[in-house]
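S.K.: This is the structure, below, for whatever I ask next.
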Amino acid sequence: MGLANELKAAGEGVSDCGKVPEVYSSSNYLSEADPEGCAACSMKVNPANAYRNGPLYPAYTAAAIKGLFALQDRYKVNLISMLSWSFEFEDKEYFEGFRTLATNGVDKPVINIFRMAGLMSGERISTSSTGQVPLNDILTRAYGRLPISMPLRQG
């Protein structure tokens, strides 16, 4: 798990799409954009999965979406969809820590990030903050250095 690892994996695929004109000019779908691999592992199995019930998961997801857009811009690809493997688990306890958007009909905080993202369309505006972590810094944490295939550009 980790933003650096998720964006590293996505960046490798997106940069490959950017190398083929027929691919980067077409619509591209990211078939899995999730922080870690086991959606069906509750916090009873892995106590660290308790983060899925609170504000950390939506904050992480928002940062990941921003990073995926930065990768799209960097490699000039048309990334139109990012799929999250979130599920509904029937007859489970409330907030058991599965990767769900709601538990027993109660919305979890992360669903609002997806609702907000679903409302976004059109042009994006540039923003900056003294506390922001640039994409290159995030990727450097994943690689230990920026790989040759991911040129060093601000973003």
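The values are calculated or read from the model by the stated rules, or taken from the named source; none is laboratory data. Note that the structure is a prediction, hence the values are computed from the model and not measured. Heads up, the Cβs are rebuilt from the backbone with ideal geometry, glycines too, and the neighbour counts pull from every protein chain shown. Surface accessibility is based on the protein's heavy atoms, side chains included, excluding ligands, DNA and RNA. Shrake-Rupley method; radii C 1.70, N 1.55, O 1.52, S 1.80 Å.
S.K.: So how many residues does the stretch 50-75 have that are under 10 Å from the mean Cα position of the chain (by Cα), under 28 Å from Thr103 (Cα atoms) and open to solvent by 20 Å² or more (accessible area, probe 1.4 Å)?
M.R.: Selection size over the stretch 50-75: 5.
S.K.: I'm checking my understanding of the structure. Among residues of the stretch 16-35 that are within 16 Å of the chain's Cα centre (by Cα) and open to solvent by less than 30 Å² (accessible area, probe 1.4 Å), which one is nearest to Asp137 (Cα to Cα)?
M.R.: Here the answer is Pro35.
S.K.: Continuing with the same structure: Which residues, taken from the stretch 3-60, are in contact with a helix residue (DSSP H, G or I) (Cβ under 6 Å, 6 or more places away or on another chain), at pLDDT below 85 and over 18 Å from Trp85 (Cα atoms)?
M.R.: Scanning the stretch 3-60 gives Val14, Ser15, Cys17, Gly18, Val23, Tyr24.
S.K.: I'd like to verify a number: residues in the stretch 76-92 that are surrounded by fewer than 19 Cβ atoms within 10 Å (Cβ to Cβ) and part of a strand (DSSP E or B), how many?
M.R.: Residues that pass the stated criteria total 3.
S.K.: Right, something else. Just one of (1) more than 18 Å from Ala10 (Cβ to Cβ); (2) surrounded by 11 or more Cβ atoms within 10 Å (Cβ to Cβ) trips up Thr130, so point out which.
M.R.: (2)
S.K.: Given (1) at pLDDT below 85; (2) out of contact with any Leu (no Cβ under 9 Å at 6 or more places or on another chain), identify the lone condition not met by Glu96.
M.R.: (1)
S.K.: Further, regarding this structure: Is there a residue in the stretch 74-88 that is free of Cβ contacts under 8 Å to residues at least 40 places away in the same chain and out of contact with any Leu (no Cβ under 9 Å at 6 or more places or on another chain)?
M.R.: Within the stretch 74-88, not a single residue is free of Cβ contacts under 8 Å to residues at least 40 places away in the same chain and out of contact with any Leu (no Cβ under 9 Å at 6 or more places or on another chain).
S.K.: So which residues in the stretch 14-37 are in a loop (DSSP other than H, G, I, E, B) and touching a residue at least 40 places away in the same chain (Cβ under 8 Å)?
M.R.: Gly18, Ser25, Ser26, Ser31, Glu32, Ala33, Asp34, listed by residue number.
S.K.: Right, another one. Are any residues in the stretch 130-155 within 17 Å of Ala64 (Cα to Cα), assigned to a loop (DSSP other than H, G, I, E, B) and modelled with pLDDT of 85 or more, and if so, which ones?
M.R.: Of everything in the stretch 130-155, those that are within 17 Å of Ala64 (Cα to Cα), assigned to a loop (DSSP other than H, G, I, E, B) and modelled with pLDDT of 85 or more turn out to be Gly131, Gln132, Val133, Pro134.
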